[in-house]
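Remarks on the structure that follows.
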Amino acid sequence: MGHNEFIVQVANMLKARFPYIYINTWEEERVLNILEQLTQEVSLIKTTRQCVIWSITQGMRCEDKKLDATIKSPIKALEFIEKYQEPALFILKDFHIYFGGELNRPADFEVIRKLRDLLPILKRSGVVKNIIFLSPRLVLPYDLQKDMVVMDFELPNKDQMMTLLDNLIEANQKNPNLKIDLSLEDKEILAKAALGLTHQEAENAYARAMVTYQKLDKHTRDVIIDEKRQIIQKEGLLEFIKAKYIMKDVGGLDNLKKWLLKRQNAFLDSAKRYCLPDPKGILIAGVPGCGKSLIAKAVSEMWHIPLLRLDIGKIYSGVLGSSEENLRKSIKVAETMAPCILWIDEIEKGFGRASVTDGGTSVRILGTFLTWLQEKKSSVFVVATANEIDQLPTELLRKGRFDEIFFVDLPTFVERREIFKVHLEKRLIDEEVKGNLVINDELLNNLANRTEGFVGSEIENIVINGLFDAYYEKRSLTELDLVRAIKNMVPLSVTQEEHITAIREWAQTRAVAATSLDARKNYKEFMHDVKQEDGNRPKAEVISIRGGRPVEF
């Protein structure tokens, strides 16, 4: 519900003399400002009203009238409302505590009974009076559920965040110690980065960036994302993953990288000129240890949006019905953080084929997730990874759930070269450790040629094991250390040959190869290309053993 729509709906309820309205929001100050202005808008509510605010700490108060500040009892407050003889809108703060809204405080049945007694009086009174309950938590006793209208006050949208940012810039632009360097697109990026924060939280984040860095530019989003991390930590169902990897840390998978790069700015308004929808998500299936999870982490840095990890284990709970509620809460939190990436690792563990022994919980969980995935309008990009492809339900794989299904195979010769290069350059920072080892084509070709069938994580461990040998003997790393580590490792492709063959057969017609045609080469083809004098590398035939449709992006 938009800001203007909220005002119109509240105005209509006041005109219709709804006795009880429950507004669930953290933005108490913003709502109070709107309601105070609304009570004086004849064009919207016809009959103007006094705006009277009650809280347990300040009693009854009104801007232009002296009221009794000693009325701090909820019963006394309701009796005051009953006797009040002027048109008024009464705003009761944190009344949920009398509805059983606190764990150690049961519902106050005297208060509930008084509200039920007051209901016909408010409806039939010749004096126009309405009561609004304002609270950050939605707690409704069963006895009052039929008598109250519940409304959510949405967090600030992008336009409101832009206005907030403009106001802050205008208020601080004369500060000689503050540098402001923002284009219109940069402002849009900062405004969208703040979505999911309250007005006050966003203002605090922008102000903190100004004070900390003495500037306001597109990099301010890092401070805003840090502020969002607090929201995730408080909820506990999702994990905020700080992006420590970039796409250069991912060896190979160039087809998948190109697909992601083309959608890098898809959440900006400029994409709407092309009538493009927000990307929904991708399913990355394939051989374990080949970089599926690494891609999920790296895309967060590429797109400059937060990465949230959904732990399926936290969703399932022993209490009947609570698992579905946990999933709905997780989805709602992710949507308040949008635009963001929701990463579901090993999705088959939580959304695999439904079990008949759990009372239907897994079926309901899967149904809730699939409906949201199909119908979602929020800018939440889902990255799901899977190893046991045969465990995935067919409903999850059909078109419309994900934008694309990618298959990550065992790395090719070209990709193994790249993976070795990434890990060697990443770890050989100290010149003494590096010694005489030169990371050139000869070294990379030799290592890649020796590691046919090795996955990316195994290649990383080869480099680590070689470094441990060098460290133990207090010397520089040598090529011999790496070759020895290769000989001592039995790759996954040997220990799980049947499983990997089955995965490849599945992917032939059901998924797109994450590796492009050029990279899907064997050693001889690659060496032939290197020797081409004109430098034009001819397209090679796709190796038949490799899985995934050979589509290029």
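At-a-glance table
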| quantity | calculated |
| --- | --- |
| Single condition residue 56 does not satisfy, out of (1) open to solvent by less than 60 Å² (accessible area, probe 1.4 Å); (2) within 21 Å of residue 139 (Cα to Cα) | (1) |
| Options 111, 42: the member that is touching a Ser or Thr at 6+ places or on another chain (Cβ under 7 Å) and either surrounded by 14 or more Cβ atoms within 10 Å (Cβ to Cβ) or at pLDDT below 90 (or both) | 42 |
| Residue satisfying condition, being in contact (Cβ under 8 Å) with a residue 40 or more places away in the chain, part of a helix (DSSP H, G or I) and of a type in the set (Val, Ile, Thr), within set 414, 363 | 414 |
| Residue that is surrounded by the most Cβ atoms within 10 Å (Cβ to Cβ), among those in segment 272-297 that are under 16 Å from residue 380 (Cα atoms) and out of contact with any Ser or Thr (no Cβ under 9 Å at 6 or more places or on another chain) | 282 |
| Out of 6, 90, 95, 80, sole residue that is modelled with pLDDT under 90 and either within 19 Å of residue 120 (Cα to Cα) or in contact with a Phe, Trp or Tyr (Cβ under 7 Å, 6 or more places away or on another chain) (or both) | 6 |
| Every residue from segment 14-24 that is surrounded by 18 or more Cβ atoms within 10 Å (Cβ to Cβ) and either closer than 18 Å to residue 95 by Cβ or in contact with a Ser or Thr (Cβ under 6 Å, 6 or more places away or on another chain) (or both) | 18, 19, 20, 21, 22, 23 |
| Segment 91-141: number of residues that are under 16 Å from residue 80 (Cβ atoms) and in a loop (DSSP other than H, G, I, E, B) | 2 |
| Test: residue 313 is part of a loop (DSSP other than H, G, I, E, B), surrounded by fewer than 18 Cβ atoms within 10 Å (Cβ to Cβ) and modelled with pLDDT under 85 | no |
| Pairs with Cβ under 7 Å, 6+ apart, first in segment 380-401 and farther than 22 Å from residue 504 by Cβ, second surrounded by fewer than 16 Cβ atoms within 10 Å (Cβ to Cβ) | 400/374; 401/374 |
| Test: residue in segment 223-242 that is in contact (Cβ under 8 Å) with a residue 24 or more places away in the chain, of a type in the set (Gly, Ala, Ser) and touching a helix residue (DSSP H, G or I) at 6+ places or on another chain (Cβ under 7 Å) | no |
| Long-range neighbours under 6 Å by Cβ, at least six apart or interchain, first residue over 12 Å from residue 61 (Cα atoms) within segment 74-96, second part of a helix (DSSP H, G or I) and open to solvent by less than 30 Å² (accessible area, probe 1.4 Å) | 74/98; 74/111; 78/118; 82/118 |
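Here's the yes/no breakdown for (1) modelled with pLDDT of 90 or more; (2) open to solvent by 20 Å² or more (accessible area, probe 1.4 Å); (3) touching a strand residue (DSSP E or B) at 6+ places or on another chain (Cβ under 7 Å); (4) under 23 Å from residue 226 (Cβ atoms):
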residue	(1), (2), (3), (4)
130	yes, no, yes, no
135	yes, no, yes, no
149	yes, yes, yes, no
152	no, yes, yes, no
157	no, yes, no, yes
173	no, yes, yes, no
186	no, yes, no, yes
194	no, no, no, yes
199	no, yes, no, yes
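Condition check ((1) open to solvent by 30 Å² or more (accessible area, probe 1.4 Å); (2) under 21 Å from residue 489 (Cβ atoms); (3) part of a loop (DSSP other than H, G, I, E, B)) across all residues:
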residue: 423; (1), (2), (3): no, yes, no
residue: 432; (1), (2), (3): yes, no, no
residue: 437; (1), (2), (3): no, yes, yes
residue: 445; (1), (2), (3): no, yes, no
residue: 454; (1), (2), (3): no, yes, yes
residue: 461; (1), (2), (3): yes, yes, no
residue: 464; (1), (2), (3): yes, yes, no
residue: 467; (1), (2), (3): yes, yes, no
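The values are calculated or read from the model by the stated rules, or taken from the named source; none is laboratory data. Please read these numbers as outputs of a predicted model, since none were measured by experiment. Cβ atoms come from the backbone with ideal geometry, glycine included; neighbour counts cover every protein chain shown. SASA here: full protein model, heavy atoms, side chains in, ligands and nucleic acids out. Shrake-Rupley method; radii C 1.70, N 1.55, O 1.52, S 1.80 Å.
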